[in-house]
Amino acid sequence: MGASMTGDPKDLAVETAQGWFGVAPPNDAALEFAADLRQTVEAFEALRGRLRFEDEPVDFEAALLAYREAE
Amino acid sequence: MDATLTSRGTDLATLSLVEAAAAVADGSVTSLALTEACLDRIARHDLGLNTVIWTEAETALEAARKADRARAAGEALGPLHGVPMAHKDMYYQAGRLSTCGSAIRADFRPDYTATVIERLEAAGAITFAGLNMAEFAQNPTGHNRHFGDCLNPWNGDFITGGSSSGSGAAVAARFTFMALGSDTGGSIRLPASCCGVTGLKPTQGRVSRYGAMPLSFSCDNVGPLTRSARDCARVMRVMAGPDPRDRTAAQVPVPDYEAKLDGDLRGTRIGIPDTWFMEDVDEPIMAATEAALAVLQARGATLVRLTLPMIEDVAAYSAILGRCEAAAIHAQWMRERPHDYAIHLSARLFPPLGIPAPYYIEAQSRRGPILRAFAKEVFGAVDLLATPTIPMRIPTRLETDIDAGTPGAVERFMGVSRNTRLLNYLGLPAISVPCGFDDRGLPVGLQLIGRPFGEGRVLHAADALQCDTDWHERMPDLA
């Protein structure tokens, strides 16, 4: 878990979905999937320190064209 | 009728797409006969497979007669002239049903036609049916509560793979010479692998998405499922290219993919990743993969073991990009009609509503730099990557049935797409090609991955494999 997060991601997801979108958990499986958000947070936290300011264009489509196959 | 046709018996539906097109062009077979053959095969066998949502038989038969009259009159013929096709039921055709595999759109009839349908029909193809699919193209298994699960033609207990379930099963069952699928995390490659057919996810932007039901505007791809790489090459030439109605369709010329299929892999370097894609691969899958790699090597390819860069980054970001976009698209219906979704779908759509926007933006903003770093390192060393399409033996429908509350279903459900979904974040072209069968007689797929807009090289290697193997020609026993 990231140092800044103190709540359970599942509970935060339930609150956000209800408060911001008016969507309640539709079933128990939704809560099971929501519990997996903890893994998402952990995966993002593991990348901290590897991010840096990007001076080059960040446009994805430009990257596709830059490295395209020469047909 | 020539030797090619008679060697397959009298069922014209068992021809490949390229063979069928050639037979119509040279007059040895009529388009009417091909269309009748497909419809007849569906009538005899689809009750046990549930691949088809709708057919328009009379319209198709009339179109076939028109195609035959055009040939008789000496008119110029397109490369798909008179070939009947059925597609995943999410490609809009003006006035025709397009259910998207859902209850919410059970009666939806759009008033415009998808670019890809227009292009196929302009090349002479005849659209005759809409095929079963995962609800709103959102599961990797093929389960569908509303239209019933599509059954794997090789063994109905097992998943077809999704979301283009009907496309994979219908091509395998020889109900259609080709079927459009869509791929946001593996939805073309997974059913291709599970059903023993060839399926190509093109480069992001290679094929117009105008008129295709959206799931994730960042990761959606339109692509074909066919009997062979050569069939795939034929239709890709027709489908690909810029489209003024889709600004995301790349302004990149479309080569003649089919003309370059010579089976010669000398000088081709194929990378075998030693991380992620090759971890926890079931033994029968690994055995089939290694056998296929040996065939490619015998064709002249050089195999290179390598470690892929930034895989953790790709895995983290790919896990949220499409999910957040799908949740945003469906938020209104989730609020107003939550019970019209299957349990597994509403369950998957719910959590991304709680993912903070900066996470999503981070995933978007890192996509370009990560692709640059990945492509520079990987494609500086190899021309293609090869992996199993699905690392595990195909699970049963019950084992992955979240709606039924099967213990462990969520983990197995997500595990199916482990080797495919990362390529959607990277936008790279990838094909699944049959490479054998497991110990239960179920197909195994090999995934070949190219650099951006490298569909030609991917198809070239897939075709080379099919020059020396017959996995793609094997048909399930529908009786």
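The numbers here are math on the coordinates, done by the rules we state, and not lab data. Quick caveat: nothing in here was measured; it's all calculated off a predicted structure. So basically every Cβ, Gly included, is an ideal-geometry build from the backbone, and we count neighbours across all protein chains shown.
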* Non-local amide H neighbours of B:L446 (under 5 Å, H modeled in plane, Pro and chain starts lacking H): which ones? -> B:T389, B:V433, B:C435
* To do: Equivalent ellipsoid semi-axes for the protein assembly as shown, as square roots of 5 times the alpha carbon gyration tensor eigenvalues: give them largest first, rounded to whole Å.
  => 36, 27, 22
* To do: Using the structure shown, list the pairs from A:K10/B:K376; B:K201/B:K376; B:K260/B:K376; B:K88/B:K376 with a Cα-Cα distance above 30 Å, or answer none.
  => A:K10/B:K376; B:K88/B:K376
* For the stretch B:227-326, report the translational diffusion coefficient in µm²/s to the nearest whole number, using Stokes-Einstein at 20 °C, 1.002 mPa s, and a Kirkwood Rh over Cα pairs. => 124
* Along its principal axes, what span do the Cα atoms of the stretch B:41-187 show, with the longest given first and each in whole Å? -> 48, 33, 26
* Structure fact -> Ranked on Cβ counts within 10 Å of their own Cβ, fewest leading, B:D463, B:D256 go B:D256, B:D463
* Asked: How would you order B:216-229, B:273-286 from highest to lowest mean count of nearby Cβ atoms within 10 Å?
  -> B:216-229, B:273-286
* To do: Could you check what % of the DSSP bridge pairs in the stretch B:16-473 are antiparallel, to the nearest 5?
  => 70
* Asked: For the stretch B:16-473, with the dipole built from +1 on Lys and Arg beta-carbon atoms and -1 on Asp and Glu ones, taken about the Cα centre, which of B:G300, B:P391, B:I320 lies farthest toward the positive end?
  -> B:I320
* Asked: When only C-alpha pairs under 8 Å and at least 6 residues apart count, what is the relative contact order of chain B, in percent?
  -> 17
* Report ³J(HN,Hα) in whole Hz for each residue of the stretch A:34-47, in order, from the Karplus equation J = 6.51 cos²θ - 1.76 cosθ + 1.60 where θ = phi - 60°; Gly and Pro get x. => 5, 4, 5, 4, 4, 5, 4, 4, 5, 5, 5, 4, 5, 8
* Going by the alpha-carbon gyration tensor, a ≥ b ≥ c the square roots of its eigenvalues, is the stretch B:291-368 rounded (a/c under 1.5) or, if a/c is not under 1.5, prolate (a/b greater than b/c) versus oblate? -> oblate
* Tell me, B:D383, A:D28 in order of fewest to most beta-carbon neighbours within 10 Å? -> A:D28, B:D383
* Shielding of B:32-39 by partners, i.e. mean partner chain Cβ atoms within 10 Å per residue? -> 0
* So what is log10(I(q)/I(0)) for the stretch B:152-220 at q = 0.20 1/Å, when the Debye sum runs over its Cα atoms only? -> -0.76
* To do: Hey, can you grab everything whose amide H is under 5 Å from the amide H of B:M85? Only 5+ residues off in sequence or another chain; H modelled, so Pro and N-termini drop out.
  => B:I126, B:T127, B:F128
* Structure fact -> quick note, the protein assembly as shown, DSSP beta bridge pairs, % antiparallel (nearest 5) is 70
* As a check on your grasp of the helix formula, calculate [θ] at 222 nm for the protein assembly as shown: sum -39500 (n - 2.57) over DSSP H runs of n ≥ 4, divide by the residue count, round to the nearest 500. => -12000 deg cm²/dmol
* Enumerate the amide H contacts of B:V52 below 5 Å, restricted to partners 5 or more residues apart or on another chain; note that Pro and chain-start residues carry no placed amide H. => B:N132
* Asked: Using the membrane-span-like helix rule (whole DSSP H runs, Cα extent along the own axis of at least 24 Å, mean Kyte-Doolittle hydropathy at least 0.0), which helices of chain B qualify?
  -> B:311-336
* **Point-charge dipole on Cβ atoms (K/R +1, D/E -1) for chain B, about Cα centre, debye to 20** => 980
* **C-alpha center-to-center spacing [the stretch B:390-439, the stretch B:264-294] in angstrom** => 17
* Magnitude of the Cβ-charge dipole of the stretch B:271-319, K/R +1 and D/E -1, about the Cα centre, nearest 20 debye? -> 360
* Hull-based mean projected area of chain B, where the convex hull spans the alpha carbons, in square nanometres -> 20.7
* Structure fact -> If every Lys and Arg gets +1 and every Asp and Glu gets -1 at its Cβ, then about the Cα centre the stretch B:292-359 yields a dipole, in debye to the nearest 20, of 200
